[in-house]
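Trainee: Dropping the structure in here first, questions after.
The numbers here are math on the coordinates, done by the rules we state, and not lab data. The structure presented is a predicted model; accordingly, all values stated were derived computationally and were not measured. Counting neighbours? That spans all protein chains shown, and the Cβs are built from the backbone with ideal geometry, glycine included.
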Amino acid sequence: MAGRAGEALAVAERLVAEQPDTAAHWALQGRVLVWLDRHAEALPAIERALQLDARDATLWSTLVLVQQNLGQHQQAAQTVRRLRELDPGRADLVYRSLVLPYEEAR
């Protein structure tokens, strides 16, 4: 599987280089990096995608996942609040699955 992910990452990087103002390309790159467990590298790609298209609720969810994995728990909680403005149901699911377990463990 890592080989396919590597291929997907190469495609995403090429697309970003060719069309750097396309949110979907940055989102693809970020999601592939998440899949590869390379969260620190995924963060700027996801943030750039959201700068280009702040209405993508699934990408906001991915940002919460990345922030949690990087130990950015306060930022993740803020991101859930932003997601709640776009998609309250998704925000509740993301909160319960990604943020709440951390808060309960503290």
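Trainee: Which residues, taken from region 23-63, are of a type in the set (D, E, K, R), within 8 Å of the chain's Cα centre (by Cα) and more than 19 Å from residue 73 (Cα to Cα)?
Mentor: If the condition is that a residue be of a type in the set (D, E, K, R), within 8 Å of the chain's Cα centre (by Cα) and more than 19 Å from residue 73 (Cα to Cα), then 31 is the only one that fits.
Trainee: Which number in (1) farther than 23 Å from residue 21 by Cα; (2) over 14 Å from the mean Cα position of the chain (by Cα) marks the one condition that residue 94 misses?
Mentor: Going through (1) farther than 23 Å from residue 21 by Cα; (2) over 14 Å from the mean Cα position of the chain (by Cα) one by one, residue 94 breaks only (2).
Trainee: So, residue 104, is that one within 20 Å of residue 20 (Cα to Cα), free of Cβ contacts under 8 Å to residues at least 60 places away in the same chain and out of contact with any strand residue (DSSP E or B) (no Cβ under 9 Å at 6 or more places or on another chain) or not? Quick ask: steps written out before the conclusion?
Mentor: Details: within 20 Å of residue 20 (Cα to Cα): no; free of Cβ contacts under 8 Å to residues at least 60 places away in the same chain: yes; out of contact with any strand residue (DSSP E or B) (no Cβ under 9 Å at 6 or more places or on another chain): yes.
Spelling it out, it is not the case that residue 104 is within 20 Å of residue 20 (Cα to Cα), free of Cβ contacts under 8 Å to residues at least 60 places away in the same chain and out of contact with any strand residue (DSSP E or B) (no Cβ under 9 Å at 6 or more places or on another chain).
Trainee: Okay, next question. Please state which one of 79, 62 is under 11 Å from residue 27 (Cα atoms) and β-branched (Val, Ile, Thr).
Mentor: On the way: 79 fails: under 11 Å from residue 27 (Cα atoms).
So the residue among 79, 62 that is under 11 Å from residue 27 (Cα atoms) and β-branched (Val, Ile, Thr) is 62.
Trainee: Within region 52-90, track down each residue that is assigned to a helix (DSSP H, G or I) and either touching a strand residue (DSSP E or B) at 6+ places or on another chain (Cβ under 6 Å) or without any contact (Cβ under 8 Å) to a residue 12 or more places away in the chain (or both).
Mentor: Here is the first cut: in region 52-90, the ones assigned to a helix (DSSP H, G or I) are 52, 57-69, 73-86, 88-90.
74, 75, 78, 81, 84, 85, 88, 89 - these are the residues of region 52-90 that are assigned to a helix (DSSP H, G or I) and either touching a strand residue (DSSP E or B) at 6+ places or on another chain (Cβ under 6 Å) or without any contact (Cβ under 8 Å) to a residue 12 or more places away in the chain (or both).
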